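Here, each number is a calculation from the coordinates, and none is a lab measurement. No experiment lies behind these values; they were computed from the predicted model shown. Virtual Cβ from ideal backbone geometry, glycine too; neighbours counted across all protein chains shown.
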Amino acid sequence: MNKLNALWLYHEAVCELDKLEMGVRSTPSRLKLNKLHAFLTEQQSQLTSIQKQLDTKEAVVERLTAKVNELEKACELEASEFEVIQNDEESTAAELTEARSSIEKVLKEVAETRRELFDAIAWIEKAVTEYREMGSKASRAKKEYDVLRAECEKEQEEAKPAIAAAREKADKLKKDVEAVLLEKYTFIKTRHAVPMAKVANNQCGGCNMSLPTSVVKRVASGDGIVECENCGRILYTE
């Protein structure tokens, strides 16, 4: 008997097991669940980022508010001094000009600081609105996610008996495969999901590459492992 027969039977069992497991991982519910999971992860990342920016902006608002208060006090002080100078008959025009210039300088700084403060507050209001909308979307998505997760868990439970049976069959057939063949098969499976291919019409059934007659004869003899020179799969023929 061709010594690759046992390996091929094991291969078919493994492919059936892979198909069943992949089927559970690729149901419409599972695919939608994965998509929602990615969405929720991204939303959480954005929410965290916005929260950090909000914390930073709130600190800026506190700093600017304190600065405005200080400047307003300074402005009141400058105005009082200007009034004193203005009412002092001995004050010179140069002193009045300097006092007026000081007031204007402080008033300009107050206006600029208030502008920064209003811009920061406007940013915070916009960010808070965005944060709430994003949180609302995430909340709705989470509810849908929980429903889909329950569906996926149910699908997984329903598929367990068939998967267990397929795994048991594969494990049983695995015992009949020579150690050398099994080692080679396992190695190739790290590169190809389907490590074996049948020869049909002098072609590799995996990559459809035409095979030399000498290779086809070697595969038919079943004397040893013959790999496709193109894709590296183990070739097999009944």
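General observations
- Magnitude of the charge dipole, the chain, Cβ model with Lys/Arg +1 and Asp/Glu -1, debye to 20: 2920 debye
- Summary of the geometry: segment 8-69 and segment 195-222, compared by the centres of their Cα atoms, lie 45 Å apart.
- DSSP H segments from the chain that extend 30 Å or more along their own axis, Cα-based, with Kyte-Doolittle mean of -1.0 or above: 4-25, 28-87, 93-174
- Of CYS75, ALA166, SER102, farthest towards positive along the dipole that unit charges on Lys, Arg, Asp, Glu beta carbons give segment 63-188: ALA166
- Label-point separation in nm, GLU153 to SER91, each point 7 Å along Cα→Cβ: 8.0 nm
- At R0 = 35 Å, FRET efficiency that the Cβ-Cβ distance of GLN53 and LEU107 yields, to 0.05: 0.65
- Per-residue ellipticity at 222 nm, computed for the chain from helices alone with -39500 (n - 2.57) per DSSP H run of at least four residues, works out to -28500 deg cm²/dmol.
- Segment ALA141-PHE39, extension gain: residue separation times 0.36 nm, minus the distance between their alpha carbons: 35.9 nm
- Approximate spin-label separation GLU81-ARG114, in nm, with each point projected 7 Å along Cα-to-Cβ: 2.2 nm
- Ranked by how many other beta carbons lie within 10 Å on average, peptides 53-66, 224-237 from highest: 224-237, 53-66
- Model label sites at LEU182 and ARG100, defined 7 Å from Cα along the beta-carbon direction, differ in position by 10.1 nm.
- Computed P(r) (all Cα pairs; the chain; 5 Å bins; percent): 1, 6, 9, 8, 7, 6, 6, 6, 5, 5, 5, 5, 4, 4, 4, 3, 3, 3, 3, 2, 2, 2, 1, 0, 0, 0
- Cα gyration tensor shape for segment 183-236, rounded if a/c is under 1.5, else prolate or oblate: oblate
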